[in-house]
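Each remark here refers to the structure printed beneath this line.
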């Protein structure tokens, strides 16, 4: 966590102190959060994944791939495995959510090619340390979409 830069995250350069504070506060594992190292069968440890808002009924996730593994299609594998885990182990969950910055084209493609639907665009909703806030783009996948492989269309009215 501390040896990488995550340019599309609010905490782009996590410090040891920040991570330790998060551990102590339960940000990585408590009734509302669960965290996992991402260990790939061929490549070894490639990143970190955290489930958030578990008690809310619609969990959200944080994905951080190590820079050496970005741009190789591995995020798609991780997002699909995460949806499999959430929907197969949490029967009460009907929707799984994720957000990214408007300029994170790679992650937006991951969502779209993995059957997730863009549901919201929050103008200037993502704080940026060295600049103006950017748009935050929200996606979700519904349990029935995960089960059937068919995307339920949005009804904008």
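The values are calculated or read from the model by the stated rules, or taken from the named source; none is laboratory data. From a predicted model like this one, the values you see are computed outputs, not experimental measurements. Don't worry about glycine lacking a Cβ; one is built from the backbone with ideal geometry, like all the others, and counts go over all protein chains shown.
Evaluate the range 142-155: report whether one residue or more is out of contact with any helix residue (DSSP H, G or I) (no Cβ under 6 Å at 6 or more places or on another chain) and within 26 Å of residue 37 (Cβ to Cβ). No, there is no match, as no residue in the range 142-155 is out of contact with any helix residue (DSSP H, G or I) (no Cβ under 6 Å at 6 or more places or on another chain) and within 26 Å of residue 37 (Cβ to Cβ).
Among the conditions (1) closer than 19 Å to residue 37 by Cβ; (2) without any contact (Cβ under 8 Å) to a residue 24 or more places away in the chain, residue 123 misses just one, which is (1).
Taking the stated definitions as given, is residue 95 in contact with a strand residue (DSSP E or B) (Cβ under 6 Å, 6 or more places away or on another chain), exposed (fewer than 13 other Cβ atoms within 10 Å of the Cβ) and more than 21 Å from residue 48 (Cα to Cα)? Judged against the criteria, residue 95 is not a match. When 77, 102 are checked against the criterion of being surrounded by 13 or more Cβ atoms within 10 Å (Cβ to Cβ), closer than 23 Å to residue 156 by Cβ and under 15 Å from the mean Cα position of the chain (by Cα), a single residue qualifies: 102. Condition test on residue 70, is it surrounded by 14 or more Cβ atoms within 10 Å (Cβ to Cβ) and either at pLDDT below 95 or more than 24 Å from residue 36 (Cβ to Cβ) (or both)? In short, yes. Counting residues in the range 21-39 that are within 26 Å of residue 77 (Cβ to Cβ), buried (at least 18 other Cβ atoms within 10 Å of the Cβ), touching a helix residue (DSSP H, G or I) at 6+ places or on another chain (Cβ under 7 Å) and touching a residue at least 40 places away in the same chain (Cβ under 8 Å) gives one or more.
Of everything in the range 107-129 that's within 16 Å of the chain's Cα centre (by Cα) and part of a loop (DSSP other than H, G, I, E, B), which residue is surrounded by the most Cβ atoms within 10 Å (Cβ to Cβ)? Going through the qualifying residues, I end up with 116.
Inside the range 1-47, residues that are assigned to a loop (DSSP other than H, G, I, E, B), at pLDDT 80 or above and out of contact with any strand residue (DSSP E or B) (no Cβ under 6 Å at 6 or more places or on another chain) make up a count of 7. Here the condition is being outside any strand (DSSP E or B), more than 17 Å from residue 61 (Cα to Cα) and touching a residue at least 24 places away in the same chain (Cβ under 8 Å); of 147, 132, it holds for 147 alone.
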